[in-house]
1. Restricting to DSSP loop positions (anything but H, G, I, E, B) with no more than 13 other Cβ atoms inside 10 Å of their own Cβ, which trypsin sites (Lys or Arg not before Pro) remain in segment 97-130?
2. What does DSSP give for segment 2-166 in terms of the percent of beta bridges that are antiparallel, rounded to the nearest 5?
3. Any chance you could give the angle, 0 to 90 degrees and rounded to 10, that helix 111-123 forms with the longest Cα principal axis of the chain?
4. Translational diffusion coefficient, Stokes-Einstein: compute it for segment 2-166 using the Kirkwood radius over C-alpha pairs as Rh, at 25 °C and 0.890 mPa s, and state it as an integer in µm² s⁻¹.
5. To the nearest Å, what is the center-to-center distance of segment 134-151 and segment 1-59, using C-alpha atoms only?
6. Can you pull out the trypsin sites (Lys or Arg not before Pro) in segment 44-76 whose DSSP state is coil and whose Cβ has at most 15 other Cβ atoms within 10 Å?
7. Quick one: 3J(HN,Hα) in Hz for segment 138-144, Karplus 6.51/-1.76/1.60 with θ = phi - 60°, rounded, Gly and Pro as x.
8. For segment 58-148, what D do you get in µm² per second when you plug the Kirkwood radius from alpha-carbon pairs into Stokes-Einstein at 20 °C and 1.002 mPa s?
Amino acid sequence: MITIIAGTNRADSMTLKTANLYQKILNSKTDEEVQVLSMENHAVWERGADMLDLEKKFLVPANKFVFVMPEYNASFPGILKVMMDNSDVKKCWWNKKAILVGISDGRAGNLRGIEHMTAILHYLKVQVHFNKLILSKVNDEISKQGDILKKETEALIVLQVDDLLSF
């Protein structure tokens, strides 16, 4: 199973739209189950019933992850780190694989956040693929409806998805 993690809990976010776009592309290329984990309306800040349910449905059964992360204060949202901190690290993360997608409305595409997450994932024994996609000025790349606006962007996403599937 592949789990795509939309790395924010903000409502109507470009992060979730981008995650759903990845799911659509992955579903067109594999028969493997692909799910999107949105942290919107989930109590991931404590290891309670909601967090345990997310672990059971999205994290433990996944063998690969796609992290879609918006830029927050030169890194990624704290809610994503809190979710990871409240998970069963060995069951959820050890010896799994991941690709990273950084998005921002600015110019850097969350480059710092991607590097920060890479270090965290390495500590959690996750193999991170070298093809890390930076989507700067995301509103020029993906529409508010979640459609790709530029063929070049589509080609980069498809390449990254292909890399994930062969990883």
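1. Arg107, Lys125
2. Roughly 10 percent of the DSSP beta bridges within segment 2-166 come out antiparallel.
3. 30
4. 157
5. If you average the Cα positions of each part, the centres end up 19 Å apart.
6. Listed in order of number, the matching sites are Arg47.
7. 4, 5, 8, 9, 10, 6, 4
8. After rounding, the answer is 158 µm²/s.
No lab work stands behind these numbers, since they all come straight from the coordinates. Everything numeric in this text was worked out from a predicted model, so none of it was measured. With ideal geometry, Cβ positions are generated from the backbone for all residues, glycine too; neighbour counts draw on all protein chains shown.
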